[in-house]
Amino acid sequence: MAPKAALLCAALLLPATALAQGKVRYDEDWSQLADPAQRTGAWTERFKYIPLGDEAYLTTGVELRVRSEAYRGNLWGDLSDDQATWVRALPYADLHVAKTRVFVQPIAAYATGIEGPVDQTRVDLLQAFAETTLTAKGASLTLRAGRQMMPLGSERLVGTRYGPNVPLAFDGWRAIVRSGSASLSLLAAQPVAPGPDSFDDRRSRTKQLWGAYLTTSGLELYYLGYRNRAADWGGRQGRELRHSFGARWFGEHGGTHWNVEGVAQRGRFAGGTIGAWTLATEIGRRFPGPIEPDATLRISIASGDKNPHDKRLGTFNALFPKGKYFGELSPIGPYNIISANPQISAALAKDWSASLAAMAYWRFSRGDGIYDVPGNLIRTGDGAAARFIGKQAEAVLSWQATPELELSASLSAFAPGAFIRETGPHRTIAMLGFESEFRF
């Protein structure tokens, strides 16, 4: 289907959210508005702190998003050219009574021109949980149970899937211990699978997640356990039990910022063993000046399976990663891959910002294929010797029109490499996207 200019232009005119990917509303704290001296007079403050009596108040808000994308050469020609529009609304209410709170966030998500579980769930319950916090001697323990989004660290393994239309939530519990700058999170949950109709989202019957996540100043250490009773890797089906042991080092000093994360995975799949790993590095520099340019280089490696016919699986599993993993156009995900991604961003003028990025991708293992972000195999490695998948360029322009409203446009192109040419259709993918976001 050819792009529809009217729909693309309309996406710029409708409000949505300025919420950054990965941000969850329950982390917001508006308790300071109890002091009239802390109020600025912004019209949103009347909704952020509604007193209900001694030690009780209510916070409300909403975020609305409209996004439209037009594709040519979709998935290098494996899919037809098309155009799609996503619309979603995420109101929420956060009730605090002393050290106890109840957080509720419904969702209304609709799509045209595309069908899939992450595109449309109609009206449902995205989050609903209760928590209580106990404090003693400068430390605190928060106990939370119910349906919740659970972004962990840089969201390489557990994210909110915020880029697609239906974010990812989990049903389960979480205990968070905080002391000074350190926190330890213990969790056990099942992902929520969106249904095509209203009020039919259900926890997964096949997947489970549990683990421990320790965060200190500039360092994170974690263990995540994962079980999938209906896993599929390279056409092989079976039960998957995977243990991920990870560490992340991050920080900023003198304008230089860095983020390095490594994960080793062990376990069992379909009667065999698992041995996989990933290493992701990011280093950047912010420069002073009127436009404050920021230059960043990201290099990532994720292992693949060397021999699909033996009983050892070497493909790294990203579990529940963030939605737009390598940018606005992400046809491939972090499995069996080597990627290099230089990027420069800048503040062009008041309320305007832009970024330019380039990406190049190679297969890590010639015995394995390539996967999309959720982990579905999209091109097998059978009969292909080439490693080079392709190269990509992307430009994004954003305008913060008001404190609540952001408008953005993105243009991406993915030119196929030797591996894509060897394994099927090999058109260049072009994507034009428009998004408007409103949030308070």
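Things to note:
- Considering each residue of region 363-379 in turn, none proves to be modelled with pLDDT under 95, in contact with a strand residue (DSSP E or B) (Cβ under 7 Å, 6 or more places away or on another chain), of a type outside the set (Val, Ile, Thr) and at positive phi.
- Matching option when the condition is in a strand (DSSP E or B), modelled with pLDDT under 95 and surrounded by 13 or more Cβ atoms within 10 Å (Cβ to Cβ), among Tyr57, Tyr71: Tyr71
- Being aliphatic (A, V, I, L, M) and open to solvent by 30 Å² or more (accessible area, probe 1.4 Å) holds for only one residue in Leu209, Leu224, Leu214, and it is Leu214.
- Residues of region 122-170 classified as under 19 Å from Gln208 (Cβ atoms) and over 18 Å from the mean Cα position of the chain (by Cα), total: 4
- Close pairs (9 angstrom Cβ cut-off, 6 or more residues apart or separate chains): within 21 Å of Gly333 (Cβ to Cβ) in region 298-315, at pLDDT below 95 and among the hydroxyl-bearing types (Ser, Thr, Tyr) anywhere: Pro308/Thr380
- So Ala37, is it open to solvent by 30 Å² or more (accessible area, probe 1.4 Å), more than 23 Å from Pro106 (Cβ to Cβ), of a type in the set (A, V, I, L, M) and modelled with pLDDT of 90 or more: yes
- Candidate set: region 268-319, residues that are in a strand (DSSP E or B) and of a type in the set (Phe, Trp, Tyr); chosen: the one farthest from Gln208 (Cα to Cα): Trp277
- Residues in region 256-295 that are open to solvent by 20 Å² or more (accessible area, probe 1.4 Å) and aliphatic (A, V, I, L, M): Val260, Ala264, Ala270, Leu279, Ile283, Ile291, Ala295.
- Scanning region 309-324 for residues that are modelled with pLDDT under 95 and surrounded by 20 or more Cβ atoms within 10 Å (Cβ to Cβ) yields Pro321, Lys322, Gly323.
- Condition check for Leu79: open to solvent by 30 Å² or more (accessible area, probe 1.4 Å), touching a strand residue (DSSP E or B) at 6+ places or on another chain (Cβ under 9 Å) and in a strand (DSSP E or B): no
- Residues considered: Ala393, Ala347. Of these, the only one that is among the small types (Gly, Ala, Ser) and either over 30 Å from Lys48 (Cα atoms) or not in a strand (DSSP E or B) (or both) is Ala393.
- Every condition in (1) within 14 Å of Gly327 (Cβ to Cβ); (2) modelled with pLDDT under 95; (3) among the small types (Gly, Ala, Ser) holds for Ser355 except the one numbered (2).
- Answer from Ala349, Ala395 - the residue that is open to solvent by 30 Å² or more (accessible area, probe 1.4 Å), within 27 Å of Val24 (Cα to Cα) and either aliphatic (A, V, I, L, M) or modelled with pLDDT of 95 or more (or both): Ala395
- Filter pass, Gly383 being of a type in the set (Gly, Ala, Ser) and surrounded by 15 or more Cβ atoms within 10 Å (Cβ to Cβ): no
- Region 202-216 residues that are under 14 Å from Ile176 (Cβ atoms), paired with ones that are open to solvent by 50 Å² or more (accessible area, probe 1.4 Å) (beta carbon under 6 Å, 6 or more apart): Gly211/Tyr223; Ala212/Leu186; Ala212/Tyr223; Leu214/Leu184; Leu214/Leu221
- No other residue among Ala193, Ala247 is open to solvent by 30 Å² or more (accessible area, probe 1.4 Å), touching a strand residue (DSSP E or B) at 6+ places or on another chain (Cβ under 9 Å) and without any contact (Cβ under 8 Å) to a residue 60 or more places away in the chain apart from Ala247.
- Hey, Leu407 within 23 Å of the chain's Cα centre (by Cα) and either of a type in the set (A, V, I, L, M) or open to solvent by 60 Å² or more (accessible area, probe 1.4 Å) (or both) or not: yes
- Restricted to strands (runs of 3 or more DSSP E) entirely inside region 116-204, those with at least 2 residues that are modelled with pLDDT of 95 or more and polar (S, T, N, Q) are 122-136, 139-148, 182-193.
- Tally of residues being of a type in the set (A, V, I, L, M), surrounded by 22 or more Cβ atoms within 10 Å (Cβ to Cβ) and not in a helix (DSSP H, G or I) across region 410-430: 1
The values are calculated or read from the model by the stated rules, or taken from the named source; none is laboratory data. If you're wondering where the values come from, they're calculated on a predicted model, not measured in any experiment. Every residue, glycine as well, gets a Cβ built from its backbone with ideal geometry; the counts of neighbours run over all protein chains shown. Keep in mind that these areas ignore ligands, DNA and RNA; they rest on the heavy atoms of the full protein, side chains included. Shrake-Rupley method; radii C 1.70, N 1.55, O 1.52, S 1.80 Å.
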